[in-house]
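Q: Provided herewith is a single structure, encoded as structure tokens, for subsequent inquiry.
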Amino acid sequence: MIYKTTPFEHQKAAVERFVDKPYGALFCEMGTGKTKIMLDILVNNDSQDILIAAPNGLHFNWEALEIPKHFPVEDCEIYTL
């Protein structure tokens with residue numbers, strides 16, 4: 001598995017559980033690192049295009065903070081609407 005930042009054990013377990021699945025759901029409490037889990041799943045998945053739907057208040061957070069912090073791929077394009 002590829003990780004840009006070291007995951008906690010529950011994050012690592014979630015990534016390993018969902019990385020090869022075509023779909024899944026994370027029912028985690030607030031503050032448990034769902035964003036990092038999702039980005040780690042995406043990094044370790046063969047998908048070429050990803051759509052993330054999030055509330056309006058989180059778009060800037062994902063684009064400016066979370067993706068650069070946790071996503072090790074430099075040659076990706078990010079679009080927010």
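Q: Going by the conditions given, is I50 β-branched (V, I, T) and touching a Cys at 6+ places or on another chain (Cβ under 8 Å)? Quick ask: steps written out before the conclusion?
A: On the way: β-branched (V, I, T): yes; touching a Cys at 6+ places or on another chain (Cβ under 8 Å): no.
No, not satisfied.
Q: Select from segment 1-28 the residues that are among the aliphatic types (A, V, I, L, M) and part of a helix (DSSP H, G or I) and write down the one among them that is farthest from the chain's Cα centre (by Cα).
A: A13
Q: Filter segment 30-81 for residues that are at pLDDT below 85, part of a helix (DSSP H, G or I) and among the small types (G, A, S) and give the result.
A: Within segment 30-81, just G57 meets the criteria.
Q: If R17 passes every condition in (1) closer than 13 Å to M1 by Cα; (2) in contact (Cβ under 8 Å) with a residue 40 or more places away in the chain but one, which one does it miss?
A: R17 satisfies all of (1) closer than 13 Å to M1 by Cα; (2) in contact (Cβ under 8 Å) with a residue 40 or more places away in the chain except (2).
The values are calculated or read from the model by the stated rules, or taken from the named source; none is laboratory data. Here the structure is a predicted model, which is why all the values come from computation and not from measurement. Glycine gets a Cβ as well: all are built from the backbone with ideal geometry, and neighbour counts include every protein chain shown.
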